[in-house]
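The values are calculated or read from the model by the stated rules, or taken from the named source; none is laboratory data. Since the structure is predicted, the reported quantities are computational estimates derived from the model, not experimental observations. No Cβ is skipped: glycine too gets one built from the backbone with ideal geometry, and neighbour counts run over all protein chains shown. Ligands, DNA and RNA are stripped out before the accessible areas are found, and what is left, the full protein with its side chains, is counted by its heavy atoms. Shrake-Rupley method; radii C 1.70, N 1.55, O 1.52, S 1.80 Å.
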Amino acid sequence: MTTAYAATETPIVKLVNVDKDYELGTVIVPALRDVSLSIAAGEFTVIAGPSGSGKTTLLNLIGCVDIATRGSVIIDGSDTKVLKDKQLTELRLRSLGFIFQSFNLVGVLDAFDNVEFPLLLQGKLSKADRRERVMVLLRQLGIEQYSHHRPGELSGGQRQRVAIARALVTEPRIVLADEPTANLDSKTGNSILDSMQELNARGTTFLFSTHDPRVVSRAGRVIRLVDGEIADHNATAEDVAQLAAAAHAA
Amino acid sequence: MNTIIQIAFRNLLQHRRRSLLLGGAIAMVTLLLVMLSALLNGMQATMLRNGTTLSSGHVNVAGFYKVTAGNAAPLVTKFEPLKELVEKATPDLSYVVTRGRGFGKIVSEESSLNSVLTGIDIQNESGFKEIVQVASGKIADLAEPKTALLFEKQAERLHVKVGDNITVSSQTFRGVNNTVDVKVVAIGRDLGMLSAFNCFVHHNAIRDLYELDPDTTGAIQLYLKNADDAREVAAKLRTVVAATGLRVMEPVEQPFWRKFDAVKREDWTGQKIDITTWLDELAFMRYTLTTLSALIFVLVTVLLVIIVIGVMNTLWMAIRERTREIGALRAIGMQRGRVLWMFIVEVALLALGATVVGSAGATVLCLGINAAKIVVPKAFQMFLMSETLWLIADVPTVARSLAIIAVVTTLGAVLPAWRASRLQPVKAMQTAS
Ligand SMILES: Nc1ncnc2c1ncn2[C@@H]1O[C@H](COP(=O)(O)OP(=O)(O)OP(=O)(O)O)[C@@H](O)[C@H]1O
Ligand SMILES: [Mg+2]
């Protein structure tokens, strides 16, 4: 599948010469090196790369939950380096939907309440509208009947879908997902990807990290990360598959 | 936000054991504070009621008469016009009594003891008749001349009963020994330290003993509608009395019997008027209560420190367990302030619930104890100034205790909650669960 990302105006995500170092005691671990990249609104992009290549780190920078060591990260027109914590939080709430590698749902709230939570934080919709919004999503994701179950009473796949619903419920401009299909069987994974592509067709920007070739094959664009550096800005699914096979063989 | 309260409440339920333990401790301290405050209230009320009936008015117009400079008698001479004057000048007056003051030895056939002697006109003493419960005899019989009322403990020591005669002996103010015989017409139930050293006799018995004229008395005691006005009224009466030309002493926070030495050392003779309040006359007892309330304060402070440490500890634990959740909430756009609130609300809910349970329990216990009329050991009766435990857990006391403990406990949550709100979303989410 292809998405018309080439013909857009200002990019919704723009990174310029970004480095990210982690400090492990006295040792400095460079997780990203000189990453420059731009993503236009409406793209469906996948970040592929082996474990430890920096996928999560990159998503965290774009998701405004972490700050680059050097370089600039511009999200929806705002340079995240100059924003105060309050404004960064506001930006996350307003423009971003984040699906975490481990779902991190609120343990004492049921599926419905977890999904509704970002809407409550935004405080924009009425109770009825919130309900409507949440239920539509739960239905789409096939977990309507679990709306009153708490995370502890759900399977990994069901929890993942609740997390996805929570990220989508505010209809954010950008949805970030860290290995969204890692905990799903292929049938559920496919149906979730279907819903996401549907949303993408209506304008939402998607940015995934993944190992999963099925996800890669659906991407409009594949960015390949190796050792914290971008190896390829627009790889094909075949490239990725070949490289993965080679890595496997080695 | 409702959901924050919901999350807080459900987390408390989720960790039932932990919540019950901490909540139970908070409830116990609340219960203790309410009960001790109620005890203090009870003692204060008893002191005010019994103390101002037995040994002081709300305001006393008394004084010293000195024949020579070195000789002081607790007397007010020609008291009638003075009484009329102060009665007129006192707003919201309930009633007035005059009492003779003295100190002497009470002698029975078998024994003797020293006691304060108070001369009373029983028909005017409406408060006295309410406070003093007779064990035997009749209070009204004190209207007869040459009669006396003893308290149980005194009667026991003297081996006398109603109908017996006792001899009261003292030195007159001119320095001669004198005695009067009086008949015991009533024996009152003990009222703690107030009744231990006080014997009531017919007013004229005091006059006879000290060879005084009928127009003398020891003190004019004024009872006000509101005892709290005493200081104000006393100040006013000082100016009113001074305006008539009588000499008025400077106010000192002491009972009259502590003033003799100072007065004797002063270089004047004749009459001086001393206007005092129950706060002066009962200063010693107020000191007891102040000490007791200081002890309660220290005890409750220590317990609260322990509770606050418990709260902090529990909250650190909760935050550690929910670090990933906090990280995720921050990541989806929850502001730091909201995270702070979430944890403070959690503790506040627990504190509120626990303090409400604690004070409700204390109130019920207080009512039960009052109804049971529990007789306290003799040693405590001295301080309680009554035979039974009397606890006053009124609304202000309960509300104050509840508020203090709920607020202090909740304040204990601020530091951990603040630290939780400062967690970096990424670091929080990377924490091992
Ligand atoms: N908090 C941290 N402190 C120190 N080093 C870190 C930290 N987080 C990640 N790293 C390191 O940074 C590099 C990139 O990690 P990252 O988690 O972004 O990789 P990834 O591509 O998401 O891997 P995976 O596919 O296993 O999720 C790794 O070498 C990792 O060890
Ligand atoms: Mg990762």
Here the residues within the range A:73-121 that are of a type in the set (D, E, K, R), at the interface with chain B (Cβ under 9 Å from one of its Cβ atoms) and open to solvent by 10 Å² or more (accessible area, probe 1.4 Å) are A:Asp85, A:Lys86, A:Glu90, A:Arg94, A:Asp113, A:Glu116
Would the range A:40-49 turn up any residue that is within 16 Å of ligand 2 (Cβ to nearest atom), more than 17 Å from the chain's Cα centre (by Cα) and under 23 Å from A:Val216 (Cα atoms)? no
Based on this model, can you work out whether A:Arg33 counts as within 25 Å of A:Arg166 (Cα to Cα), among the basic types (Lys, Arg) and either open to solvent by less than 10 Å² (accessible area, probe 1.4 Å) or more than 16 Å from ligand 2 (Cβ to nearest atom) (or both)? no
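How many residues are among the polar types (S, T, N, Q), open to solvent by 10 Å² or more (accessible area, probe 1.4 Å) and farther than 12 Å from B:Pro425 by Cα when one looks only at the range B:319-364?
Qualifying residue count for the region: 1.
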Hey, among A:Ala247, A:Ala177, A:Ala182, A:Ala219, which residue is open to solvent by less than 60 Å² (accessible area, probe 1.4 Å) and either at pLDDT below 85 or within 16 Å of ligand 1 (Cβ to nearest atom) (or both)? A:Ala177
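Answer yes or no as to whether B:Ser421 is buried (at least 23 other Cβ atoms within 10 Å of the Cβ) and more than 16 Å from ligand 2 (Cβ to nearest atom).
No.
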Using beta carbons and a limit of 8 Å, which pairs, at least six apart or on different chains, have the first residue in the range A:76-97 and under 16 Å from A:Lys124 (Cβ atoms) and the second one among the aliphatic types (A, V, I, L, M) and open to solvent by 70 Å² or more (accessible area, probe 1.4 Å)? none
Can you name the condition, by its number, that A:Tyr22 falls short on among (1) away from ligand 2 (no atom under 16 Å from the Cβ); (2) open to solvent by 20 Å² or more (accessible area, probe 1.4 Å); (3) of a type outside the set (Gly, Ala, Ser)? (1)
Please count how many residues of the range B:10-27 are within 9 Å of chain A (Cβ to nearest Cβ) and within 30 Å of B:Val302 (Cβ to Cβ). 1
Of the residues in the range B:407-429, those that are assigned to a loop (DSSP other than H, G, I, E, B) and more than 16 Å from B:Met334 (Cβ to Cβ) come to B:Gly412, B:Ala413
Out of B:Leu299, B:Leu315, I need the residue that is surrounded by fewer than 18 Cβ atoms within 10 Å (Cβ to Cβ), part of a helix (DSSP H, G or I) and assigned by TED's automatic domain parsing to the domain that holds B:Leu36. Which one? B:Leu299
Among residues of the range A:189-216 being within 16 Å of ligand 1 (Cβ to nearest atom) and either open to solvent by 40 Å² or more (accessible area, probe 1.4 Å) or within 14 Å of chain B (Cβ to nearest Cβ) (or both), the residue nearest to A:Ile47 (Cα to Cα) is A:His211
I need the full set of residues from the range B:383-396 which are more than 14 Å from the chain's Cα centre (by Cα) and either assigned to a helix (DSSP H, G or I) or basic (Lys, Arg) (or both), in order please. B:Val395, B:Pro396
For the range A:10-75, list the strands (runs of 3 or more DSSP E) that sit wholly inside it and hold at least 3 residues that are within 12 Å of ligand 1 (Cβ to nearest atom) and within 23 Å of B:Arg330 (Cα to Cα); which are they? A:13-24
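So that you can scan it fast, the table gives a plain yes or no per residue for (1) over 27 Å from B:Leu222 (Cα atoms); (2) not small (Gly, Ala, Ser):
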site	(1), (2)
B:Leu113	yes, yes
B:Glu125	no, yes
B:Val132	no, yes
B:Ser136	yes, no
B:Leu149	no, yes
B:Gln154	yes, yes
B:Gly163	yes, no
B:Ile166	yes, yes
Would you check if A:Asp178 is among the acidic types (Asp, Glu), within 14 Å of chain B (Cβ to nearest Cβ) and either within 26 Å of A:Ser53 (Cα to Cα) or touching a His at 6+ places or on another chain (Cβ under 9 Å) (or both)? yes
All but one of (1) crowded, with 22+ Cβ neighbours inside 10 Å; (2) within 16 Å of ligand 2 (Cβ to nearest atom); (3) at pLDDT 90 or above hold for A:Val169; which doesn't? (2)
Among the candidates A:Arg139, A:Arg166, A:Arg131, A:Arg161, single out the residue that is of a type in the set (Lys, Arg), within 21 Å of A:Ile47 (Cα to Cα) and in a helix (DSSP H, G or I). A:Arg161
